[in-house]
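**Q** Can you read through this structure? Questions will come right after.
No value in this document is a laboratory result; all are computed from the given coordinates. Every value quoted in this text rests on a predicted model; they were computed, and no experiment measured them. In this analysis, Cβ positions are derived from the backbone assuming ideal geometry, glycine residues included, and neighbour counts consider all displayed protein chains.
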Amino acid sequence: MKRDYFDFLNSSLWINYTQQRYLTPEEIKYRLKQQGKSEEEWPSIRKEIVASRKTGSITLFFKSIEPKFWFYPADIIHKKINDIEKLGKDLYEQINKNASFKTEFLLDSAIEEAITSAIYEGAQSTRAQAEQLIASDERPKNKDEWMLIKNFKAMKWVKNNQQTALSKEVILQLHHIVTENTLEGDDINFQGKFRNDKVFVGPHEGINHGKIEQAINEMIQLTTNNPRYFHPLLKGILVHYFMGYIHPFFDGNGRTARALFYFKSIRNQLNYIELLSVSAYLRIHGKQYENSFVKVKENEYDLTYFIDFCLDSILSALKEVSRKVGYLLRMTDLKERFELSQTQIGLIQRMALHKFRTIDIEEYAQQISKSREFARQELKRLLDLNLVSEIKMSKKLVYKVNAEKLKELYKEESLSASINDQS
């Protein structure tokens, strides 16, 4: 190998724009002056950058699809995965140590993903309305509400079937779940079925319908039994991408793809993925999400751009989880401040996650394995402190958290006013 090739791999141009950040050749071109290069040198520099990336890449070639997909395991990709693993495992451990709100926290995360995935796909709702719908167990009244409920059902299915191997049947099952009562016209006949005609999403045309089943089977093999090693997190991201590229359904591709990301990640024991909502980030940064697909196509099907965006979205979502966990853990100081019991603290923490969730005396007594009178006294104490409010519902007294009081106590936004609630 030539000496100048080694020099290039040690150059600031390569380190800055491939390893420390992964920029497109076009983005690098605009930074040539910073590197003391002229535009006349650009064609040869571009050729060397792309060739070096491809030489060190991991390939994902399909027989059924023409493009040759690949990605480059740049330093920045490894670093972001390491940051995600470290923060994710730490948060999951913190939540495991706080059994009083662990179940509710995981439930809240599933609800949040179901809601934001539906809203990202166009459902007309706010998080507050959607939370009330899920908490009430009322029958949905329209397509938007069905979308919310079915996304939530899909998240529960993923959790309950994490030992199942990824297969064509799993993909069809998840599509069947997320699209139930949400399809219209002739699409109703394709619930849980691959399309039998062309489909477009913006300028992208899904692959020929006659090749869908083969492409899906190849995708499963490439992301499950690939001879090259790559992190399990990347496997979930790649399934997400290929579902978008293949576009096997007339409708519901995005919701199915995101559900499959969770399925693939949780199956690979990346438990911290249960804590976050990827769709919440996508809803805020939708243009960047769409642009990451475009970058792949415009740069010789280099999947690194999509991977890089997804890792950013996961890291951002985990930081939001960290904020929530920190907020809940701060509530432990209520024990000394108001002389509360650990069971009362646990109740406040759980209810803070769902400000629309109500609880009655009998349910609380069952939760803490105490008598009805003991539960009544604990709720009365919280009511006296204005930490909960008491309302009559179906001739029964129920209690819900006083979110405004908590906001006042901690002089910060309550969980319900997080970035994911700006609807």
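**Q** So what is the relative contact order for the chain, in percent, with contacts set as C-alpha pairs under 8 Å and at least six apart?
**A** Working: 509 pairs, mean separation 76.1, N = 423.
That works out to 18 percent.
**Q** Whole percent per 5 Å bin, from 0 to the bin with the longest distance: what is P(r) over all C-alpha pairs of region 1-89?
**A** So the P(r) values, bin by bin, are 3, 12, 20, 21, 16, 13, 9, 5, 1, 0.
**Q** Among the aspartates and glutamates, which have Cα under 16 Å from the Cα of K335 when same-chain residues fewer than 8 positions away are ignored?
**A** Output for K335: E378, D384.
**Q** For F69, enumerate residues with amide H under 5 Å from its amide H, sequence gap 5+ or separate chain, H modeled in the peptide plane.
**A** Those lying under 5 Å, H to H, from F69 are L60, F62.
**Q** Please list, or write none, the lysines whose alpha carbon is within less than 19 Å of the alpha carbon of K33, excluding same-chain residues fewer than 8 places away.
**A** K47
**Q** Additional query: Residues with beta-carbon under 10 Å from that of I28, excluding I28: net charge, scoring Lys, Arg +1 and Asp, Glu -1? Numbers along the way, then the final one.
**A** Values: positive: R21, K29, R31, K37, R46; negative: E26, E27.
Charge balance near I28 sits at +3.
**Q** What distance in nm separates the simple spin-label points at D187 and E41, each placed 7 Å from Cα in the Cβ direction?
**A** 5.2 nm
**Q** Specify which residue in the list N96, L315, T24 is farthest towards the positive end of the charge dipole of the chain, using unit charges on the beta carbon of Lys, Arg (+1) and Asp, Glu (-1), about the Cα centre.
**A** Highest projection toward the positive end goes to N96.
**Q** In what sequence do M331, M351 fall when counting other Cβ within 10 Å, fewest first?
**A** Working: M331 20, M351 24.
Result, fewest neighbours first: M331, M351.
**Q** Something else: I want the local charge near Q129. Using Cβ-Cβ distances under 10 Å, sum +1 for each Lys or Arg and -1 for each Asp or Glu among the other residues. Can you show the working numbers first?
**A** Details: positive: R127; negative: E131, D144, E145.
Within the 10 Å Cβ shell, the charges total -2.
**Q** What's the local net charge at I45, with K and R +1, D and E -1, over the other residues with C-beta under 14 Å away?
**A** Details: positive: K29, R31, K33, K37, R46, K47, R53; negative: D4, D7, E26, E27, E39, E40, E41, E48.
Around I45, the charge tally is -1.
**Q** Another one. In what order do T126, T55 fall by count of nearby beta-carbon atoms within 10 Å, going from fewest to most?
**A** T55, T126
**Q** Another question, if that's okay. Using the alpha carbon gyration tensor of region 229-276, what are the three equivalent-ellipsoid semi-axes (square root of 5 times each eigenvalue), largest first, in whole Å? Walk me through the numbers on the way to the answer.
**A** Details: eigenvalues 82, 31, 8 Å².
Value: 20, 12, 6 Å, ordered largest first.
**Q** Next up: Of K102/K355; K89/K319; K79/K319; K235/K324, which ones are farther than 18 Å apart at the Cα? Don't skip to the end; give the middle numbers.
**A** On the way: K102/K355 16 Å; K89/K319 13 Å; K79/K319 16 Å; K235/K324 27 Å.
Correct reply: K235/K324.
**Q** Return a whole-number percent for the relative contact order of region 134-243, with Cα pairs under 8 Å and 6 or more residues apart as the contact set.
**A** Numbers: 69 pairs, mean separation 21.9, N = 110.
In percent, rounded to a whole number, it is 20.
**Q** Could you list L148, L270 in order of exposure, starting from the residue whose Cβ has the fewest other Cβ atoms within 10 Å?
**A** Working: L148 26, L270 22.
With the fewest neighbours first, L148, L270 line up as L270, L148.
**Q** In terms of modelled amide H atoms, which long-range or inter-chain residues lie less than 5 Å from the amide H of E390?
**A** none
**Q** Specify which labelled value, from (1) 131; (2) 121; (3) 166, agrees with volume of the Cα convex hull per residue in Å³ derived from the coordinates of the model shown.
**A** Only one listed value fits the structure, namely (3).
**Q** I need the semi-axes of the equivalent ellipsoid of region 3-50: take the C-alpha gyration tensor, multiply each eigenvalue by 5, square-root it, list largest first in whole angstrom.
**A** Working: eigenvalues 43, 34, 20 Å².
Semi-axis lengths for region 3-50 are 15, 13, 10 Å.
**Q** Can you give the FRET efficiency to the nearest 0.05 for E85 and E298, using r as the Cβ-Cβ distance and R₀ = 35 Å?
**A** On the way: r = 31 Å, r/R0 = 0.87.
That pair, E85 with E298, gives E of 0.70.
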